[in-house]
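Here is the structure we will look at.
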Amino acid sequence: MSKIKDVAQAVELGKVKLIEGIVQEAIDAGDDPNAILNEGMIAAMGVVGAKFQANEIFVPEMLVAAKTMKKGVEILKPHLAGDSVGKNGKYIIGTVAGDLHDIGKNLVALMIESAGFEVIDLGVDVPAEKFVEAIKANPDCKVVGASALLTTTMDSLKNTVKVMIDAGCKSQVKIMVGGAPITQAFADEIGADAYTADAGAAAVKAVELIS
Ligand code: B1M
C-alpha cells in the first residue's frame, strides 16, 4: 500500500525524527520517488504555506516542516540522482539577496546534478555580485540559475539578472530563473534566458540550453 500520504503528513506536522523512516518505508513499499517528492513532500509544503497564510501556524512551524522535508529529501536523493555528474559542465545556482528559502533551490540543484552537471551552490541570500564573481571564476560554466520565493525578492532577482548582464556574463552563460512567484512573462521582462516552473523542467531546460 502506498505510503505517500504518511510522508505528506509527516512533513506537514514536522515529524523530524520520524521522516527518514517513513520515506524509507514509502520507497520499500514501491512508491515512485518522484511521486514521494511531488505528491508527498512538495504538496505538504503547499499545505504548510496555506496554514501560515491563514495564521494557523507560524514561522517556527514552517521552519520545522522545512527541516523535516530536507531530511526526507536526503533519503530520496540516491533514488532521484543520476550517475553522470559533471559530463554537462558546471551549473551555478543560488537564492537571491534578501531571500532565505532554499528547499526549491536545493531540489533544482539535485535535478540539475542528475542531468549531468557539476553544481556550484552559492546558498541563500546571495548578492548579485557574488553570482558574477562565481561566473568569472568558472569560465567553463555555461548556465546559471537564480531562485526567488518571495514577491518582495522579485526585484532582487531582477537586479541580479541586470548585474549579470551589465557585467557581460551573457557572453559566457545562459541565465535561468524560477521560484513560486516567478512567471515566464516576468523572466522575459527582466532579460533571463529561461524560466521553468519546477525542478524537473529546470534540468531538462538546462540541458537544452547547452545543446
Ligand atoms: Co516562507 N513564505 N517566509 N519560509 N515559506 C512562503 C514562500 C509563503 C508563500 C508562505 C505563505 O504566506 N503562504 C510566503 C511568501 C508570500 C509572498 O511572497 N507573497 C512566505 C513568507 C511571507 C515568509 C516570511 C516573510 C515569513 C515571516 O518571517 N513573516 C519569511 C521570509 C524570510 C526570507 O526569506 N527573508 C519566510 C521564512 C520561511 C522559513 C525560513 C520559515 C521557511 C524556509 C526554510 C527553508 O527554505 N530552508 C519558509 C517556508 C518553508 C515557506 C513555505 C511554507 C514553503 C516553501 C518551500 O520550501 N516550498 C512557503 C509556502 C509555499 O511554498 N507554499 C513559504 C517547497 C518547494 C519545493 O517549492 O520553493 O516553490 P518552491 O520551489 C519549486 C518551484 O518554485 C521551482 O522548483 C521547485 C521545486 O519544483 N523553483 C525553481 C524554485 N527555484 C527555482 C529556480 C529555477 C527553476 C525552478 O531555475 C533557476
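I'm told Val207 meets every condition in (1) outside any helix (DSSP H, G or I); (2) surrounded by fewer than 16 Cβ atoms within 10 Å (Cβ to Cβ) except one. Can you identify the failing condition by its number?
(1)
Could you check, for segment 168-178, whether at least one of its residues is part of a helix (DSSP H, G or I), within 8 Å of the ligand (Cβ to nearest atom) and not hydrophobic (A, V, I, L, M, F, W, C)?
Taking every residue of segment 168-178 in turn, none turns out to be part of a helix (DSSP H, G or I), within 8 Å of the ligand (Cβ to nearest atom) and not hydrophobic (A, V, I, L, M, F, W, C).
Being within 8 Å of the ligand (Cβ to nearest atom), more than 19 Å from Ile42 (Cβ to Cβ), open to solvent by 40 Å² or more (accessible area, probe 1.4 Å) and in contact (Cβ under 8 Å) with a residue 24 or more places away in the chain, is that true of even one residue in segment 122-134?
yes
Give Thr160, Thr152 a once-over and let me know the one that is assigned to a helix (DSSP H, G or I) and either open to solvent by less than 50 Å² (accessible area, probe 1.4 Å) or among the hydrophobic types (A, V, I, L, M, F, W, C) (or both). Walk me through it before giving the result.
Details: Thr152 fails: either open to solvent by less than 50 Å² (accessible area, probe 1.4 Å) or among the hydrophobic types (A, V, I, L, M, F, W, C) (or both).
Of Thr160, Thr152, the one residue that is assigned to a helix (DSSP H, G or I) and either open to solvent by less than 50 Å² (accessible area, probe 1.4 Å) or among the hydrophobic types (A, V, I, L, M, F, W, C) (or both) is Thr160.
Per-residue answers, yes or no, for (1) more than 8 Å from the ligand (Cβ to nearest atom); (2) at positive phi; (3) modelled with pLDDT of 90 or more:
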site: Met45; (1), (2), (3): no, no, yes
site: Val48; (1), (2), (3): no, no, yes
site: Ile57; (1), (2), (3): yes, no, yes
site: Ala65; (1), (2), (3): no, no, yes
site: Thr68; (1), (2), (3): yes, no, yes
site: Lys77; (1), (2), (3): yes, no, no
site: Val85; (1), (2), (3): yes, no, no
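Name the pairs: first residue in segment 193-211 and touching a residue at least 60 places away in the same chain (Cβ under 8 Å), second residue of a type in the set (S, T, N, Q), Cβ to Cβ under 8 Å, at least 6 apart or on different chains?
Correct list of pairs: Gly200/Asn34; Ala202/Thr196; Ala203/Ser114; Val204/Thr196; Ala206/Asn88; Val207/Asn88; Ile210/Asn88.
The values are calculated or read from the model by the stated rules, or taken from the named source; none is laboratory data. Here the structure is a predicted model, which is why all the values come from computation and not from measurement. Because the Cβ atoms are built from the backbone with ideal geometry, glycine has one as well, and the counts that use them run over all protein chains shown. For accessibility, only protein heavy atoms count, side chains too; no ligands or nucleic acids. Shrake-Rupley method; radii C 1.70, N 1.55, O 1.52, S 1.80 Å.
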